[in-house]
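Peer 1: Before anything else, here's the structure in question.
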Amino acid sequence: MVEPIEAILPGLQKTTFRVTSPATRDYNCIAWAAGDTTHWWWPDVDCDNDAIYWPPGAALEESLDAVVAAFATLGYAPCSGEELEPGFEKVALFAKESIPTHAARQLPSGRWTSKLGLREDIEHDLHALGGDVYGTAVLILKRSAAGQ
């Protein structure tokens, strides 16, 4: 039996969330936040798998700087707040002890969307994912929205 999402991420018990797509192995949270549902984004230097992707120019290391550099290839840059800003798209980076663990993308409603490992995508409050699994949201990135 598959463990309920709320058991893995207890912060979801205190807020409203909803599953928005079925589980898949096709992509991970970094790819989902980047808008890519065809690859698994991770800086894996020893991987020989075409499904794994990392943007050229971003360091092949598990660091926040490398993830920031990966999102910079899409036009994202660090910003000061998680609040919804018309004309901008935002991504939140989570980390534990400075090691990146998760990324979430802000929706036009101001809520957030995440791919949970090999599990489903969900819509949620940003800080509901904080805890033992993902650590905390440590950095917000933004870019001009497409067509703006």
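Read-outs throughout are calculated quantities, based only on the coordinates presented, and are distinct from any laboratory measurement. Note that the structure is a prediction, hence the values are computed from the model and not measured. Positions of Cβ are generated from backbone atoms using ideal geometry, with glycine treated the same way; all protein chains shown enter the neighbour counts.
Peer 1: With +1 assigned to the C-beta of every Lys and Arg and -1 to the C-beta of every Asp and Glu, and no other charges, what is the dipole magnitude of the chain about the Cα centre in debye, to the nearest 20? Walk me through the numbers before you get to the answer.
Peer 2: Details: 11 positive and 21 negative charges, 103 e Å.
The dipole magnitude comes to about 500 debye.
Peer 1: Which whole-Hz couplings ³J(HN,Hα) result when phi for each residue of region 30-39 is put into the Karplus expression 6.51 cos²θ - 1.76 cosθ + 1.60, θ = phi - 60°, listed in order with x for Gly and Pro?
Peer 2: 5, 4, 4, 5, 7, x, 10, 10, 10, 9
Peer 1: Mind sorting 44, 121 by how few other Cβ atoms lie within 10 Å of their own Cβ, fewest first? Could the numbers behind the result be given before it?
Peer 2: Details: 44 14, 121 21.
Sorted ascending by nearby Cβ count, the order is 44, 121.
Peer 1: Sticking with this one: How much mean residue ellipticity at 222 nm does the chain get from its helices, if each DSSP H run of length 4 or more adds -39500 (n - 2.57) and you divide by all residues, to the nearest 500 deg cm²/dmol?
Peer 2: Details: 3 runs with 19 residues, N = 148.
After summing the helix terms and dividing by residue count, I get -3000 deg cm²/dmol.
Peer 1: Provide the per-residue ³J(HN,Hα) series for region 52-63, in order, calculated from phi with Karplus coefficients 6.51, -1.76, 1.60 and θ = phi - 60°, each as a whole number of Hz, with x at glycine and proline positions.
Peer 2: 8, 9, 8, x, x, x, 8, 4, 8, 8, 7, 9
Peer 1: Another question, then. Determine, from the Cβ-Cβ distance of residue 65 and residue 132 and an R0 of 22 Å, the FRET efficiency 1/(1 + (r/R0)^6), rounded to the nearest 0.05.
Peer 2: Details: r = 24 Å, r/R0 = 1.09.
After rounding to 0.05, the efficiency reads 0.40.
Peer 1: For region 5-144, what's the relative contact order in percent, using C-alpha pairs closer than 8 Å and at least 6 residues apart? Walk me through the intermediate numbers first.
Peer 2: On the way: 288 pairs, mean separation 44.7, N = 140.
About 32 percent, as a whole number.
Peer 1: For region 13-148, build the charge dipole from Cβ charges (+1 Lys, Arg; -1 Asp, Glu) around the Cα centre, then report which of 75, 108, 92 sits farthest towards its positive end.
Peer 2: Value: 108.
Peer 1: Here is a further query. For each of 127, 102, count neighbouring Cβ atoms within 10 Å of the residue's Cβ, then give the residues from fewest to most. Before the final figure, lay out each step's value.
Peer 2: On the way: 127 15, 102 24.
Placing the least packed residue first, the sequence is 127, 102.
Peer 1: Right, another one. Near the amide H of residue 101, under 5 Å away, which other amide H atoms are found, from residues 5 or more places off or on another chain, if H is placed in the peptide plane?
Peer 2: When sequence neighbours closer than 5 places are left aside, the close amide H contacts are 94, 95, 96.
Peer 1: In whole Å, how far is the Cα centre of region 5-21 from that of region 116-131?
Peer 2: Taking the Cα centre of region 116-131 as reference, the centre of region 5-21 is 7 Å away.
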